[in-house]
1. Inside segment 81-110, can you point out the residues that are farther than 22 Å from ARG18 by Cβ and either without any contact (Cβ under 8 Å) to a residue 40 or more places away in the chain or open to solvent by 80 Å² or more (accessible area, probe 1.4 Å) (or both)?
2. Tally up the residues in segment 34-49 that are surrounded by 14 or more Cβ atoms within 10 Å (Cβ to Cβ) and among the aliphatic types (A, V, I, L, M), please.
3. Just checking, how many residues over segment 113-153 are without any contact (Cβ under 8 Å) to a residue 24 or more places away in the chain, open to solvent by 60 Å² or more (accessible area, probe 1.4 Å) and within 24 Å of TYR63 (Cβ to Cβ)?
4. Pairs only if they're at least six apart or on different chains, beta carbon under 9 angstrom, first in segment 29-52 and under 17 Å from SER68 (Cα atoms) and free of Cβ contacts under 8 Å to residues at least 40 places away in the same chain, second open to solvent by 60 Å² or more (accessible area, probe 1.4 Å) and among the β-branched types (Val, Ile, Thr); list them, first residue then second.
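The values are calculated or read from the model by the stated rules, or taken from the named source; none is laboratory data. Note that the structure is predicted; figures quoted are calculated from it, not measured. We place every Cβ from the backbone using ideal geometry, glycine too, and count neighbours over all the protein chains shown. We work out accessible area using only protein heavy atoms, side chains counted, and drop any ligands, DNA or RNA first. Shrake-Rupley method; radii C 1.70, N 1.55, O 1.52, S 1.80 Å.
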Amino acid sequence: HLMKDNARLLRLHPQHIRNAWQGPGDTTNPKSAYIQYFVKTVDPALAALIAGLKKAGVWERTYIILGSDHGMGQTSASGHPQSVLSSWQTFMAFYGPGVKRGARIPYAEGPDVAVMTNHFLGLPPLRGHLDDKVPAHLRGVTGVFLANIFEGGPADVRHRRLIERYLHSGMPRGDDYVD
């Protein structure tokens, strides 16, 4: 799509990483099938993407958001029920022109990806829910603009920390709807 359609937004989803998961020990064992899948499959795929972007002459103005929708479980199952803390521990990294190198993001949530993607594409800021039936206090954009990822930006940003607040609220994290 990059070469044929001049696509401006590409999404890769290496879903099969869970097929190699044997348990939490995999993350620290370089010989595990889990790590080997990254080294032998995911890394070459990313290298091919970067080579394609360079060949197309767009690498220098490309933004990359690398993230996960959840952490891996604490058992040999690769499931991620909401009752398990690792299900909420996602990974997120940003790369591109003007993005800080080697800096740690103190806090971010999945909806922040939509806000940042929108910004990187040069689109107007997201407006949130527009339906009059949605209560006014719920209409705003859920994600936060992460100004702290940019060179010259602050070390941290004011974040609503909705997930963190939920996790510390004492509200049940049951798996009633897991099936």
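1. TYR95, GLY96, PRO97, ARG101, GLY102, ARG104, listed by residue number.
2. The total comes to 4.
3. Final tally of qualifying residues: 7.
4. The qualifying pairs are TYR34/THR27; ILE35/THR27; ILE35/THR28.
Results for (1) of a type in the set (Gly, Ala, Ser); (2) at pLDDT below 90; (3) under 26 Å from SER76 (Cα atoms); (4) touching a helix residue (DSSP H, G or I) at 6+ places or on another chain (Cβ under 7 Å), shown as yes or no for each residue.
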{"residue": "ASP5", "(1), (2), (3), (4)": "no, yes, no, no"}
{"residue": "ASN19", "(1), (2), (3), (4)": "no, yes, yes, no"}
{"residue": "GLY25", "(1), (2), (3), (4)": "yes, yes, yes, no"}
{"residue": "ASN29", "(1), (2), (3), (4)": "no, no, yes, yes"}
{"residue": "ALA47", "(1), (2), (3), (4)": "yes, no, no, no"}
